[in-house]
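Below is one structure; the comments refer to it alone.
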Amino acid sequence: MTFFEDQLKQGIFQISYCEKCNENIWPPKEICHICFNESKWKKSENIGKIIEFSKKDSDYFGLVEIDQGIRIMGDISSLSTPKTGQIVTMKVSFDSKPHYSFTVKNN
Amino acid sequence: MNNVAIVGTGQTKFSKDDGDVEKLLFESTKNCIQSVENCESKDIEGVLVSTNNNSKYLGAILSETIGIQPKISHSIEHLCSSGTNALISGYAYISSGLADMVLVSGVESATNPGQVLDWDKSRGSFDHPIYWASMLTKSHKTKFQTTEEELAIVSAKNHKQAMDNPLAYSNQPRTISEVMNSKQITDDLRILDCSRSCSGSASILLASEEKAKKISDQPIWIKGIGQKTTSASFTKNTLEEIESTRIAAKTAYEMAKVEPNDVDVAEVHDAFSVCELMAISELGITDNDKSGEFVRNLFNTENRMINPRGGLIGTGHPLGATGISQTIEITNQLQGKSEKRQISNLKTGLVHNMSAAGTSSSVMVLGN
Ligand SMILES: [Zn+2]
């Protein structure tokens, strides 16, 4: 299991970034794609914005942008139909794959 | 740089049942070699196998199976566009002079491991292609006012065209309303909007100009090639665009010295209905907001210009074989050998094959 996955398991979304280049590295890697130096880790702010969404059976899912530019797919909890641009909070976990769960704020 | 021609083609039937990759490879290769009248197998200097299957050493295994000892043999994997990547590698071996004749064989079993890219942590637990396809479809509907009926027409058209393709996994006709009422996968995707994973194999024999003129009276020339990889993770892309296709197409058109409106026939990568609409726009064949109307017009006038063999949706999608099967269709069309699905007066054909939500694309321009 990678550090990223292990942290997801503990409910923490870690972002790899390069201090020197001031760049987030996504998907997470131990090496910066610009300068090839070792990356550092920081915790996500766990807040995102809905880019696009759809629904499977009775559950919404979609593409959400977190931490200025990282886009990930997850389930979306909302009492009414979500909207693109809506702000969501994020919870994460990991079993055999990552799980990203978003909740629409001020529902 | 030597010119490179397609001199032989062979395929198997596509099927949703599990298949033995070695047997399938041999069957399409046998059909390919037998399609060339004066082909001496021992003159094949390269054997390339494209597949997502985990079997090892298939290039050498296929070579031994057909009793040859080529200079070059290896496998090529690039998810759904493995086939065109293998063809373009074969092209490069011949144009550089490293080989005179190269066999390119693609194969897949229906239960292939190529649908999910574990590496891409962007996808979370939504790792099946139906989820990115839903995002692309929803976005296309919103941005270009594409209707569910227009999306359904892509599938109805390709199923209809596949009825005349004896190698397609199914020859069942599907009406627009059948597509629109087929099982709902997500709010933005129905089962008949999806191409189905299949077992199958397709093989092409490539040759240098000198060799082609000796062994073929109808060589089809690879006139233009463009390839582009923009990322591996799907969420780097803008949902309304397939940038890799746009860039690959531009390169291929420039190399072939043709314009999009010169394209008489094209096989495009309709992994899902929305992909055909996006592909024909990025290839410059129509505009994004007119793509639905363009396909509706093709359907209403029974014009088979796009995906005459039935595309991935109508024919089935054996990942490693798909790009090669697409290229065989355009080759046969340009040779006038497409029987019931033959389009008349063809000069220029195009093949478009892509991987992982359009993060990588290959475009080839063929001519007779
Ligand atoms: Zn750096």
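The values are calculated or read from the model by the stated rules, or taken from the named source; none is laboratory data. Since the structure is predicted, the reported quantities are computational estimates derived from the model, not experimental observations. No Cβ is skipped: glycine too gets one built from the backbone with ideal geometry, and neighbour counts run over all protein chains shown.
Please determine, by comparing only the residues of segment A:7-20 that are near the ligand (Cβ under 10 Å from one of its atoms) and assigned to a strand (DSSP E or B), which one is nearest to the other protein chains (Cβ to nearest Cβ).
At the first step, the residues of segment A:7-20 found to be near the ligand (Cβ under 10 Å from one of its atoms) are A:17-20.
Subsequent filtering for residues that are assigned to a strand (DSSP E or B) retains A:17-18.
Numbers: A:Y17: 15, A:C18: 17 Å.
In this case the residue turns out to be A:Y17.
Table: residues versus (1) more than 20 Å from B:S231 (Cα to Cα); (2) surrounded by fewer than 13 Cβ atoms within 10 Å (Cβ to Cβ); (3) within 16 Å of the ligand (Cβ to nearest atom); (4) at the interface with chain B (Cβ under 9 Å from one of its Cβ atoms).
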| residue | (1), (2), (3), (4) |
| --- | --- |
| A:E5 | yes, no, no, yes |
| A:I34 | no, yes, yes, no |
| A:I47 | yes, no, no, no |
| A:F53 | yes, no, no, yes |
| A:I72 | no, no, no, yes |
| A:T81 | yes, yes, no, no |
| A:M90 | yes, no, no, no |
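Could you check how many residues of segment B:335-355 are in contact with an Asp or Glu (Cβ under 9 Å, 6 or more places away or on another chain) and surrounded by 24 or more Cβ atoms within 10 Å (Cβ to Cβ)?
Qualifying residue count for the region: 5.
Looking only at segment B:125-141, which residues are in contact with a strand residue (DSSP E or B) (Cβ under 7 Å, 6 or more places away or on another chain) and either more than 8 Å from chain A (Cβ to nearest Cβ) or assigned to a helix (DSSP H, G or I) (or both)?
B:I130, B:Y131, B:A133, B:S134, B:M135, B:T137, B:K138, B:S139
In segment B:51-63, which residues are touching a residue at least 40 places away in the same chain (Cβ under 8 Å) and either outside the structural domain of B:A86 (by TED's automatic domain parsing) or surrounded by 13 or more Cβ atoms within 10 Å (Cβ to Cβ) (or both)?
B:T51, B:N52, B:N53, B:L58, B:L62
Looking at B:L334, B:L319, which is the one that is within 23 Å of B:D217 (Cβ to Cβ) and among the aliphatic types (A, V, I, L, M)?
It is B:L334.
Count, please, the residues in segment B:64-87 that happen to be assigned to a helix (DSSP H, G or I) and surrounded by 22 or more Cβ atoms within 10 Å (Cβ to Cβ). Can you show your working first?
Pass one, segment B:64-87, residues assigned to a helix (DSSP H, G or I): B:64-65, B:82-87.
Within this subset, residues satisfying the condition of being surrounded by 22 or more Cβ atoms within 10 Å (Cβ to Cβ) are B:82-87.
Adding up the residues that qualify gives 6.
Only one of these is under 17 Å from the mean Cα position of the chain (by Cα), closer than 23 Å to B:I153 by Cα and among the basic types (K, R): B:R196, B:R190. Name it. Before the answer, list the steps.
Values: B:R190 fails: under 17 Å from the mean Cα position of the chain (by Cα).
Going through B:R196, B:R190 in turn, the sole match is B:R196.
Which of the numbered conditions does A:P28 fail, given that it passes all the others? Conditions: (1) in the same structural domain as A:L8 (by TED's automatic domain parsing); (2) more than 21 Å from A:L8 (Cβ to Cβ).
(2)
Tell me whether segment B:188-206 contains one or more residues that are farther than 25 Å from B:A99 by Cα, of a type in the set (V, I, T), assigned to a helix (DSSP H, G or I) and more than 14 Å from chain A (Cβ to nearest Cβ). Outline the logic, then answer.
Quick first cut of segment B:188-206, residues farther than 25 Å from B:A99 by Cα only: B:188-200.
Applying the additional criterion that residues be of a type in the set (V, I, T) yields B:191.
Next, from what is left, pick out any that are assigned to a helix (DSSP H, G or I): B:191.
From the residues that got through so far, the ones that are more than 14 Å from chain A (Cβ to nearest Cβ) too are none.
Looking for residues that are farther than 25 Å from B:A99 by Cα, of a type in the set (V, I, T), assigned to a helix (DSSP H, G or I) and more than 14 Å from chain A (Cβ to nearest Cβ), one finds none in segment B:188-206, hence no.
Only one of B:A152, B:A168 is among the small types (G, A, S) and in a loop (DSSP other than H, G, I, E, B); which?
B:A168
Name the single residue that is surrounded by the fewest Cβ atoms within 10 Å (Cβ to Cβ) among those in segment B:293-331 being of a type in the set (S, T, N, Q) and in contact (Cβ under 8 Å) with a residue 60 or more places away in the chain. Break it down stepwise before answering.
If we filter segment B:293-331 for residues that are of a type in the set (S, T, N, Q), which is where we start, we get B:297, B:300-301, B:303, B:307, B:315, B:322, B:325-327, B:331.
So of that shortlist, the ones also in contact (Cβ under 8 Å) with a residue 60 or more places away in the chain come out as B:307, B:315, B:322, B:325-327, B:331.
Numbers: B:N307: 30, B:T315: 30, B:T322: 31, B:S325: 31, B:Q326: 30, B:T327: 27, B:T331: 25.
Applying the filter and picking the extreme gives B:T331.
Run A:Q68 past the list (1) under 20 Å from B:F234 (Cα atoms); (2) more than 10 Å from chain B (Cβ to nearest Cβ); (3) more than 16 Å from the ligand (Cβ to nearest atom); (4) at pLDDT 95 or above and report the number of the one that doesn't hold.
Just one mismatch for A:Q68, condition (4).
Select, from B:A92, B:A162, B:A110, B:A99, the only residue that is more than 14 Å from every other protein chain (Cβ to nearest Cβ), in contact with a Cys (Cβ under 9 Å, 6 or more places away or on another chain) and closer than 30 Å to B:E22 by Cβ. Explain how you work it out, then say what you get.
Numbers: B:A92 fails: in contact with a Cys (Cβ under 9 Å, 6 or more places away or on another chain); B:A162 fails: in contact with a Cys (Cβ under 9 Å, 6 or more places away or on another chain); B:A99 fails: in contact with a Cys (Cβ under 9 Å, 6 or more places away or on another chain).
Going through B:A92, B:A162, B:A110, B:A99 in turn, just one is more than 14 Å from every other protein chain (Cβ to nearest Cβ), in contact with a Cys (Cβ under 9 Å, 6 or more places away or on another chain) and closer than 30 Å to B:E22 by Cβ: B:A110.
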